[in-house]
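As structure tokens, the structure follows; a few thoughts come after it.
Throughout, read-outs are computed from the coordinates displayed, never taken from laboratory work. Since this is a predicted model, take the numbers as computed values, not measurements. All Cβ positions, glycine included, derive from the backbone under ideal geometry; neighbour counts span all protein chains shown.
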């Protein structure tokens, strides 16, 4: 193991009474920071049920066929790694690993799960299993990207509705933004979730990516009396909007 003590850069500041060290892998440092952040996060959120999650598949000889590792915490679950041995791929083991992890997460009381996948790995696999793209990170070697995914563990993926709204904020953009703040705050009561809120450089147009657990939620959101009240309150300052129902391709 390479640690910051035996390689790298060292910078001591007598006035501060501390030394800054830069090095390679440092298991002790990683473990200590992990413990400290767990304490901090638990205190900040009130959730102290962080636990590891794993699924293992072995063949009759005890050799590893595939596996999944992840975590659960505060009603949320996450997947860190998924792997299936080359000679056992395309036999459905990836889906079985995923379903087993999701079922265990539900058993622990989790309502959602997230995962990341490089573009050369398995983004299509996660989409087939009901995961929704929430963003990408560019700059992966070879021109690839890192896809971020999310899935509800309580909603039926087949019934999920995704809407992209193109919103023109009008002449009084500030009032238009206040109206949209109020309208978007109503999503939760109808099973809606704002996945992305983007704004143009001139501040006059926004794009909202919204997910509903079911079409009935979307219909309820459109008919919400508080939404109608906001329209009456803001009058001519209410933005114009065009909504498109979309799906991953």
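Set the Förster radius R0 to 41 Å, insert the Cβ-Cβ distance between residue 223 and residue 32 as r into 1/(1 + (r/R0)^6), and round the FRET efficiency to 0.05. Please list the in-between numbers first.
Values: r = 53 Å, r/R0 = 1.30.
Step by step, r from the Cβ atoms, then E = 0.15.
Using 14 Å as the cut-off for backbone N distance, which residues of the stretch 131-167 belong to the label zone defined by a point 7 Å from the Cα of residue 244 along Cα→Cβ?
Backbone N within reach: 162-167.
When the helix-only estimate is applied to the chain (DSSP H runs of n ≥ 4, each -39,500 (n - 2.57), divided by the residue count), what is the mean residue ellipticity at 222 nm, nearest 500 deg cm²/dmol?
-8500 deg cm²/dmol
Could you tell me which of rounded, prolate or oblate describes the stretch 83-137, using a ≥ b ≥ c as the square roots of the eigenvalues of the alpha-carbon gyration tensor, with rounded for a/c under 1.5 and, failing that, prolate when a/b is larger than b/c and oblate otherwise?
Oblate.
By count of other Cβ within 10 Å, fewest leading, how are 154, 209 ordered? Intermediate values should be presented prior to the final figure.
Numbers: 154 10, 209 19.
Fewest to most other Cβ atoms nearby, the residues stand as 154, 209.
What's the exposure ranking of 125, 149, going from fewest to most Cβ atoms within 10 Å?
By the 10 Å Cβ count, ascending, the order reads 125, 149.
Mean 1/r over all different Cα pairs, inverted: what Kirkwood radius does the stretch 46-154 give, in Å?
On the way: mean 1/r = 0.0682 Å⁻¹.
For the stretch 46-154, inverting the mean 1/r across all distinct Cα pairs yields 14.7 Å.
How do 144, 190, 90 rank when sorted from fewest to most other Cβ atoms within 10 Å of their own Cβ?
Fewest to most other Cβ atoms nearby, the residues stand as 90, 144, 190.
With the cut-off at 1.5 for a/c, could you classify the chain from its C-alpha gyration tensor as rounded, prolate or oblate?
oblate
Take every DSSP beta bridge whose two residues both sit in the chain, then give the antiparallel share in percent to the nearest 5.
In the chain, DSSP labels about 95 percent of beta bridges as antiparallel.
Shape call for the stretch 158-246 from the C-alpha gyration tensor, a ≥ b ≥ c root eigenvalues: rounded (a/c under 1.5), prolate (a/b greater than b/c) or oblate? Don't skip to the answer; put the middle values down first.
On the way: a/c = 2.33, a/b = 1.39, b/c = 1.68.
Because a/c hits 1.5 or more and a/b fails to exceed b/c, the stretch 158-246 counts as oblate.
For the pair residue 231/residue 214, report the inter-label distance in nm, with labels modelled 7 Å from Cα in the Cβ direction.
2.4
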